[in-house]
1. Determine if segment 76-92 includes at least one residue that is closer than 18 Å to Lys140 by Cα and within 10 Å of the chain's Cα centre (by Cα).
2. Going by what's in this entry, would Tyr74 be described as touching a Phe, Trp or Tyr at 6+ places or on another chain (Cβ under 6 Å) and under 17 Å from Phe42 (Cβ atoms)?
3. Sort out which residues of segment 50-70 are under 20 Å from Asp85 (Cβ atoms) and either free of Cβ contacts under 8 Å to residues at least 12 places away in the same chain or in contact with a Ser or Thr (Cβ under 7 Å, 6 or more places away or on another chain) (or both), and write them in order of number.
4. Please count how many residues of segment 44-92 are in a loop (DSSP other than H, G, I, E, B) and of a type outside the set (Gly, Ala, Ser).
5. Please verify whether Glu23 is surrounded by fewer than 18 Cβ atoms within 10 Å (Cβ to Cβ), touching a helix residue (DSSP H, G or I) at 6+ places or on another chain (Cβ under 8 Å) and at pLDDT below 95, treating the condition exactly as stated.
6. Any chance segment 100-119 includes a residue that's assigned to a strand (DSSP E or B) and either in contact with an Asp or Glu (Cβ under 9 Å, 6 or more places away or on another chain) or among the small types (Gly, Ala, Ser) (or both)?
7. Let me confirm something: among Lys130, Lys163, Lys78, which residue is loosely packed, with under 15 Cβ neighbours inside 10 Å, out of contact with any helix residue (DSSP H, G or I) (no Cβ under 6 Å at 6 or more places or on another chain) and in contact (Cβ under 8 Å) with a residue 12 or more places away in the chain?
8. Output the number of residues of segment 31-43 satisfying the condition of being in a helix (DSSP H, G or I), farther than 14 Å from Phe79 by Cα and of a type in the set (Val, Ile, Thr).
Amino acid sequence: MKSIVSLLFLTLSIAGFSQDKIEWMSWNEAIEKNAVEQKVIFVDVYTNWCGWCKKMDATTFKNEEVVDYMNEHYYAVKFNAEMRDTINFNGQQFVNENAGKRGAHQLAVALLDGRMSYPSYAFIGQPWDKTVAPGYMGAKDFSCVIKYFVEGATVGKTYEEFKASGCEVASAE
């Protein structure tokens, strides 16, 4: 009996370690890593109260294909749009000036070009060109989007051309 319990515990422990997750990092960590090895920086701009943000975390961001692709090709940043931390970047200081409950951080505003909807995603390439994609996406659609910024945009394809070349998307998942 003791060996069965030990075997069960070992199996559960190994299963726990083999669960893949997106390797989320802070803004500063992504900038530092990008200075050493350039990749596209993906910024998930979310809030704690956003239901669709939580659904992305529970579904799309746990999809094995999404996790593998993100970890290989992106520096992924989770950025709470209402955080209070000060961020220094490119000689500028970004803060959350609003003392109210739902004040947006200046970096979130800059990343989303002032269009504050959650969730939204900023894809930042070099030299600091940026594209914003708003809204919840299922894993199939999101996989196409993240592949586009690595495989399509870098060779000058439009997103529509990239989809037409074989990147399947779904209207609903």
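1. Kept after step one, since they are closer than 18 Å to Lys140 by Cα, are these residues of segment 76-92: none.
The answer is no, given that none of the residues of segment 76-92 is closer than 18 Å to Lys140 by Cα and within 10 Å of the chain's Cα centre (by Cα).
2. Values: touching a Phe, Trp or Tyr at 6+ places or on another chain (Cβ under 6 Å): yes; under 17 Å from Phe42 (Cβ atoms): yes.
Yes: the conditions hold for Tyr74.
3. Here is the first cut: in segment 50-70, the ones under 20 Å from Asp85 (Cβ atoms) are 50, 53.
Across segment 50-70, the qualifying residue is only Cys53.
4. Looking only at segment 44-92, we keep the residues that are in a loop (DSSP other than H, G, I, E, B), and these are 47-50, 59, 63, 81-86, 90-91.
Restricting the remaining residues to those that are of a type outside the set (Gly, Ala, Ser) gives 47-50, 59, 63, 82-86, 90.
Residues in segment 44-92 being in a loop (DSSP other than H, G, I, E, B) and of a type outside the set (Gly, Ala, Ser): 12 in total.
5. Values: surrounded by fewer than 18 Cβ atoms within 10 Å (Cβ to Cβ): yes; touching a helix residue (DSSP H, G or I) at 6+ places or on another chain (Cβ under 8 Å): yes; at pLDDT below 95: no.
The answer is no for Glu23.
6. Start the filter on segment 100-119 by keeping residues that are assigned to a strand (DSSP E or B), which leaves none.
Taking every residue of segment 100-119 in turn, none turns out to be assigned to a strand (DSSP E or B) and either in contact with an Asp or Glu (Cβ under 9 Å, 6 or more places away or on another chain) or among the small types (Gly, Ala, Ser) (or both).
7. On the way: Lys163 fails: loosely packed, with under 15 Cβ neighbours inside 10 Å; Lys78 fails: loosely packed, with under 15 Cβ neighbours inside 10 Å.
Just a single option satisfies the conditions, and that option is Lys130.
8. Our first condition is that a residue be in a helix (DSSP H, G or I); within segment 31-43, this holds for 31-36.
Within this subset, residues satisfying the condition of being farther than 14 Å from Phe79 by Cα are 32-36.
Cutting the leftovers down to of a type in the set (Val, Ile, Thr) gives us 36.
Residues that pass the stated criteria total 1.
The values are calculated or read from the model by the stated rules, or taken from the named source; none is laboratory data. What you see is a predicted model; the values in this text were computed from it and never measured. So basically every Cβ, Gly included, is an ideal-geometry build from the backbone, and we count neighbours across all protein chains shown.
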